[in-house]
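First up is the structure itself, then whatever we jot down about it.
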Amino acid sequence: MADLNKVFLIGNLTRDPECRYTPKGTPVGDLSLAINSSYRSQDGQVKDEVCFVEVVIWGRQAETCKEYLQKGSLIFVEGRLQMEQWETKEGEKRSRMRVRADRIQFLGKAKGSSQSTPVESSSTKTDTAFSSPEEPQAGDEEVPF
């Protein structure tokens, strides 16, 4: 039996992307995504629903997202679910599930642009649009998000 952990999402950013650096200098970014959907209830009324998803992105893609995206930007995210666990300074155990992005594709217009052309964010390689971002280095995971 094989395991599968793959996520594909399209949604709008709920805030401007954040980017910071680990003690070893690896860029890490946080995105908050709103995914809207509609369905028809049993009584025939159309109901709207919003799902909010937190996304973490590593490497050059984090910097690219910070540079070109803003609140409201429409993006495509390809990645995997990741459980994070940590302990607070007060000794309380915390955990959360979020998406660890492998690829982000910009579907709307970039900051300050009047064009609405899809743009792909990938790692530092420019010869392929489907490059994986840098993996976190040992010790990089110690940064609580």
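Laboratory data are not the source of any read-out in this text; all were calculated from the coordinates shown. Every value quoted in this text rests on a predicted model; they were computed, and no experiment measured them. Every residue, glycine among them, receives a Cβ derived from its backbone with ideal geometry; neighbour counts consider all protein chains shown.
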Given H placed 1.01 Å from N in the peptide plane, which residues other than close sequence neighbours of residue 18 have an amide H under 5 Å from its amide H? 30
Dipole of the range 3-72 (Lys/Arg Cβ +1, Asp/Glu Cβ -1, origin at the Cα centre): which of 31, 19, 41 lies farthest to the positive side? 19
Starting at the first residue of the range 14-27, write each ³J(HN,Hα) from the Karplus equation 6.51 cos²θ - 1.76 cosθ + 1.60 with θ = phi - 60°, in whole Hz, x for Gly and Pro. 8, 7, 4, x, 10, 9, 9, 10, 6, x, 8, x, 7, x
